[in-house]
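Bear in mind that the values in this text are calculations on the coordinates, not laboratory data. Please read these numbers as outputs of a predicted model, since none were measured by experiment. A quick note on method: Cβ atoms are made from the backbone with ideal geometry, for glycine too, and the neighbour counts reach across all protein chains shown.
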Amino acid sequence: MGKLTSGLYNRLVITIPYAWLLLFFLAPFFIVFRISLSTTAIAMPPYEPVFSLADGWAGLWSKIGELSFDNYAYLTDDALYFNAYISSVVIAGISTFLTLLIAYPIAYGMAQAPRTIRPTLVMLVILPFWTSFLIRVYSWIAILKPEGLLNQLLQSLHIIDSPLIILNTTTAVYIGIVYSYLPFMVLPLYSALEKMDGTLIEAAQDLGCTPIRAFWRVTFPLSIPGVVAGCMLVFIPAVGEFVIPDLLGGSQTLMIGKTLWNEFNANRDWPVSSAVATILLMILVIPIVFFQNAQAKAEERGK
């Protein structure tokens, strides 16, 4: 009886996450994918065919035959979408790299701090989450605008003579993404660095390694899982970011999130916007799947 109860419990524990993914990820994805195969119509919802159980199985099959991949072909004809994808990946990649450069020293310092103050340092890292994301992005407008706090400070210190034009540029987008997603990079790095055995560094130094060489030979390789996790947590949402490029980047910043919003709300072209979202998801999911497979093979070789 105990083994039967244990088996049912284990199956339940495994089933709940899959049921969650099925309900909140796969089902919405298939809805969006189905809309991407539809055509635009002046109606509500603004696409056709619209499936209804009242049509019966014959009606459903006839409407399935009306679906096509014309919207995906349209995306290949217009360079706007290709440029938006490339620009989004480039901006997200550079922002992720900059976030890593800033977050690693912070996480390393937290891991080396006395254990009594580490919880306080972690709380300070997550403290920005207590404020609305939108408010935090809006605050950067007041900081970066020509008459903002940053230019006032630099002019008062006589570092610059005229205000710097930072707002409504790609630089402002980088600043906004790095600031907003910095905790997502710090926490995985801190988790990896905190678990590291400090005696490994001492052993490396006893064998003649300088502190810098010991860092690159011991510390950094052991922190790679945290680096990868942090980069994914930053890169994936940054690719589809809409709020930051819209508020800080202005109209000249081309990212797929803004393009998707324009198609969905301004142009009311739900099928094309759904196709854009589907391709964006594929761009993000496929590298993750390959990475997980490579990691699983590496673990098997290690065993």
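Under the rule of -39500 (n - 2.57) per DSSP H run of 4 or more residues, summed and divided by the residues of the chain, what mean residue ellipticity at 222 nm is obtained, to the nearest 500 deg cm²/dmol?
On the way: 14 runs with 202 residues, N = 303.
Helix contribution divided over all residues of the chain: -21500 deg cm²/dmol.
When the alpha carbon coordinates of the stretch 78-302 are projected onto the principal axes, the ranges are 64, 54, 31 Å, largest first.
Compute, for the stretch 78-302, the length of the dipole vector about the Cα centre, with Cβ point charges of +1 (Lys, Arg) and -1 (Asp, Glu) only. Units Debye, rounded to 20.
Numbers: 11 positive and 13 negative charges, 60 e Å.
That gives a dipole near 280 debye.
Between Arg136 and Leu207, the simple spin-label model (points 7 angstrom out along Cα→Cβ) gives 4.0 nm.
Distance from the Cα centre of the stretch 102-151 to that of the stretch 217-254, in angstrom? Taking the Cα centre of the stretch 217-254 as reference, the centre of the stretch 102-151 is 16 Å away.
For every other residue with a beta carbon closer than 15 angstrom to the beta carbon of Val122, add +1 if it is Lys or Arg and -1 if Asp or Glu, then tell me the sum. For residues surrounding Val122, the net value is +2.
Dipole of the chain (Lys/Arg Cβ +1, Asp/Glu Cβ -1, origin at the Cα centre): which of Ala204, Leu248, Ala238 lies farthest to the positive side? Working it through, the farthest residue towards the positive pole turns out to be Ala204.
In the chain, a dipole from Cβ-located charges (positive for Lys and Arg, negative for Asp and Glu) runs towards its positive end, and of Asn151, Met123, Ser68 it is Met123 whose Cα lies farthest in that direction. Name the residue, out of Leu21, Leu248, Leu233, whose mean-square fluctuation peaks in a Gaussian network model built on the chain with Cα pairs under 10 Å. Result for the chain, Cα springs under 10 Å: Leu21 fluctuates most. Scanning the chain for long hydrophobic helices, with DSSP H runs required to stretch 18 angstrom or more by C-alpha along their axis and to average at least 1.6 on the Kyte-Doolittle scale, returns 224-239.
For the stretch 68-141, the average shadow cast by the Cα convex hull is 8.4 nm², which is a quarter of the hull's surface.
Here the Gaussian network model covers the chain, with springs between Cα atoms less than 10 Å apart; of Gly208, Gly176, Gly249, Gly208 fluctuates the most. With the charge dipole of the chain set up from +1 on Lys and Arg Cβ and -1 on Asp and Glu Cβ about the Cα centre, the Cα lying farthest toward the positive end among the listed residues Ala92, Thr170, Val227 is that of Val227. Stokes-Einstein diffusion of the stretch 192-297 at 4 °C, 1.567 mPa s viscosity, Kirkwood radius from Cα pairs, rounded to a whole number: 75 µm²/s.
For Tyr47, the amide hydrogen comes within under 5 Å of the amide hydrogens of Ala41, counting only partners 5 or more places away or on other chains and with H modelled in the peptide plane.
Could you tell me the relative contact order of the stretch 78-302? Use alpha-carbon pairs under 8 Å, at least six residues apart, and round to a whole percent. Present the calculation step by step, with values, prior to reporting the outcome.
Values: 221 pairs, mean separation 64.2, N = 225.
Result for the stretch 78-302 is 29 percent.
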